[in-house]
Amino acid sequence: MRAGLEAVETRLTAETSTLDFETTDLVSHLRSAGGKRMRPVLTLLAAMLGETGDSFSADVINGAVAVELTHLASLYHDDLMDDATVRRGVEAAHLKWNNTLAVMAGDLIFARSSRIISTLGPRLVAQHATTFERLCLGQMHDIFGPSEADDPIEFYIGVLREKTGALIGTAAHYGAVLARCSEDVVAAVTDFGEDLGVAFQIADDVLDLQATVGQSGKTPGADLRDGTKTLPVLLLEKRASEGTASASDAMLLLDIQDLEGTDDDELLAKTVERLALHEVTAQTVELASQWVDRAVAHLEGIPESAVKSALVDFAHLQINRLK
């Protein structure tokens, strides 16, 4: 795994470079800031269910690079749409440069990901296109929000599945297909990755309240400030709609509503602390754990091995980072 990830990182550096300094500085901005690389890790782990030997094939490395490039491209666009100020501990690209250049950087990186996938055959080209379609639809659904007929929490989980789960599922899909795993294994790890993506994003909702900038790479409470209704807020609103909210719950909801667009850092910090300690945040942690269990259940049909154990450990790491 270590050698494989080093090969991926070398390629990522090359694929986020251009012929001149200015554009390289822009296109490499988020790649050089670090990141967990969970998607290429999953691609390599899934490939180990089929490949044998001491090294990964060139196709598997290409798949791992392509999926991380797609993720990087989406971050440039997401930060602009969310008006984020910090990503991975560095200034967001649209603030360091401008909106147009941030969009173009994301487009360029996605183009390079697409070029790599084009060398891996029509099946992966179709998967790549479908995944990008789901990323876009998820973002649009997130912006439009639920209709009156939608259950807000079910709608939110659906958005997470499209915006995050789709690409993580595809990361596992690439590895299994390129390592020529059986169709049953391909389906199992793809579903595993997609459900794990939901768990990962639910955990991120908690980290938005509990983590420091150094831990998460983002400003604590950023979602509250920009008006994003994450799962703890939706659970609190559910209490209000069902008539089970206490007076303090109602006051907390009012304070959360007042945060949107505020420059009052003290009010934000106090509200974040209250929500982080609220029972709905503990419920969110439990829901993340349930989605991890759901993800792991997809692996039941895969024979026991060190690789399967690593996949299970990988899944539980998404919850362990909350401890």
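For this structure, a couple of remarks:
- Convex hull per residue volume in Å³, alpha carbons only, for the range 35-96: 88
- Cα-only radius of gyration and Dmax that characterise the range 90-145, units Å: 14.1, 38
- Cα-based shape type of the range 75-173, given that a ≥ b ≥ c are square roots of the gyration tensor eigenvalues and the cut on a/c is 1.5: oblate
- Computed 3J(HN,Hα) for the range 142-152, one whole-Hz value per residue from the Karplus formula 6.51 cos²θ - 1.76 cosθ + 1.60 where θ = phi - 60°, is 4, 5, 5, x, x, 7, 5, 7, 8, 6, x, glycine and proline marked x.
- Mean separation of Cα contacts under 8 Å, 6 or more apart, over the residue count of the range 1-97: relative contact order %: 31
- Cα long-axis angle, helix 2-15 against the chain (0 to 90 degrees, to the nearest 10): 80
- Taking all protein chains together and a 1.4 Å probe, the residues Met38, Met48 rank Met48, Met38 from largest to smallest accessible area.
- Note on the chain: helix-only mean residue ellipticity at 222 nm, from DSSP H runs of 4+ residues weighted -39500 (n - 2.57) and normalised by residue number, equals -23000 deg cm²/dmol.
- When the P(r) of the range 1-72 is calculated, the portion above 21 Å amounts to 27% of the C-alpha pairs.
- Comparing Cα centroids, the range 21-56 and the range 166-191 end up 16 angstrom apart.
- C-alpha long axis of helix 38-47 to longest principal axis of the chain, angle in °: 40
- Taking the range 232-291 and dividing mean pair separation by its residue count, relative contact order in percent (alpha carbons under 8 Å, at least six apart): 41
- Rounded to the nearest 10 degrees, the inclination of helix 265-276 to the longest alpha-carbon principal axis of the chain is 80 degrees.
- Heavy atoms of Leu160 accessible to a 1.4 Å probe, total area in Å² rounded to 10: 10
- Length-normalised contact order of the range 190-311 in % [C-alpha pairs under 8 Å, at least 6 apart]: 40
The values are calculated or read from the model by the stated rules, or taken from the named source; none is laboratory data. Please read all numbers here as calculations on a predicted model, not as lab measurements. Only protein heavy atoms, including side chains, enter the accessible area calculation; ligands, DNA and RNA are left aside. Shrake-Rupley method; radii C 1.70, N 1.55, O 1.52, S 1.80 Å.
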